[in-house]
Amino acid sequence: MATHRSHQVPVLVGKRFAVVDPATGEPFDEAPDQHPDELDAVVGRAHAAWHTWRADPGARTTALLGAADAVEVAGADLAPLLTREQGKPLAESYQEIARTAARLRYFAELTAPQSQPITDGRPVRGEVRWRPLGPVAAIIPWNFPLQLASAKFAPALAAGNTMVLKPSPFTPLATRLLGSVVAAALPDDVLTIVTGHEPLGARLASHPGIRHVTFTGSITTGQAVARGRRPHSPASPWNWAATTRRSCWRTWKWSGSRTGCSGRRSATAGRSAWPSNASTPRPGSTPTWSRPSPSARRPSSSEPA
């Protein structure tokens, strides 16, 4: 698979929005505020790229290893930008970049899962076949933008899917640069980063050409994703009662002591991962019973969808 681009961030014309430095409260750069109508073309190109990308696991391994190398080389550009728009110490930004590269290398070795035959003497045969879904979407929050982005696209691309990823509007710049760095090692349109405010995320989650959506974010984001996927999702066999008990116990146990980490929640169409008698946090905040004042920090995850 040939590569086609350097890691220079593509310039998109049109409407843009300001990105604010959290240390000063002042805008320092801009990002494209893409229109939802652009997604038809973006998803169409991702679907076209998928036909070739899914066909060669060996080429996927080579491309993802090359992407990991490129991320490390670009660390000196990525880390200061991540610190500028997200606010974390520079050392933590470098750690996040190292984890991003490590995750790419890990999944690069899993492009072709190996199956081991199991026999029990019965005259029956069953097979497990791993098949990529097609174009998939990811929506990520602002707290670990590069690390969470790679947690979405590294396994998805290794499995043979293509991806359209939307970062939080609080931290679009480092994610766009990461996307350009990674995409330079990949065929065109295998990984696409889109940025903008709503309804961009809602349209991405509900787009009929998207075969699967993965997100990390707020309850509001999860509800919006579930609503968007309802026409495309079968009934879920998930044990929601057990999931709710475990989620609530874990949240109470940590009682806000892990506010630096992002929590994962499960959501499907028309259902909530929280019981009706649980205290419901305000939209955009972390669902815990002990949390810092909302005025002292940004919301804990991305804006709705």
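Values quoted throughout were computed directly from the atomic coordinates according to the rules given, and no laboratory measurement underlies them. Owing to the predicted nature of the structure, the values given are computational and were not obtained by experimental measurement. Don't worry about glycine lacking a Cβ; one is built from the backbone with ideal geometry, like all the others, and counts go over all protein chains shown.
Considering (1) within 18 Å of SER150 (Cα to Cα); (2) of a type in the set (Ser, Thr, Tyr); (3) in contact (Cβ under 8 Å) with a residue 12 or more places away in the chain, the lone condition that THR83 does not fulfil carries the number (3). All of (1) assigned to a helix (DSSP H, G or I); (2) of a type in the set (Lys, Arg); (3) more than 15 Å from the chain's Cα centre (by Cα) hold for ARG176 with one exception: (3). Does VAL182 satisfy the criteria of being part of a strand (DSSP E or B) and touching a strand residue (DSSP E or B) at 6+ places or on another chain (Cβ under 8 Å)? Criteria not met by VAL182. Within the set THR162, THR214, the sole residue that is crowded, with 24+ Cβ neighbours inside 10 Å, among the hydroxyl-bearing types (Ser, Thr, Tyr) and touching a residue at least 12 places away in the same chain (Cβ under 8 Å) turns out to be THR162. Mind checking which residues of segment 21-48 are part of a strand (DSSP E or B), among the hydrophobic types (A, V, I, L, M, F, W, C) and either surrounded by 15 or more Cβ atoms within 10 Å (Cβ to Cβ) or in contact with a Gly (Cβ under 9 Å, 6 or more places away or on another chain) (or both)? Passing the criteria: only ALA31.
Within segment 198-229, the only residue that satisfies the criterion of being in a helix (DSSP H, G or I), among the charged types (D, E, K, R) and out of contact with any Gly (no Cβ under 9 Å at 6 or more places or on another chain) is ARG229.
Using the structure shown, decide if VAL128 is in contact with a Ser or Thr (Cβ under 9 Å, 6 or more places away or on another chain), of a type in the set (Val, Ile, Thr), crowded, with 23+ Cβ neighbours inside 10 Å and over 26 Å from ARG16 (Cβ atoms).
no
Answer with yes or no whether GLY75 is under 16 Å from VAL182 (Cβ atoms), small (Gly, Ala, Ser) and without any contact (Cβ under 8 Å) to a residue 40 or more places away in the chain. In short, yes.
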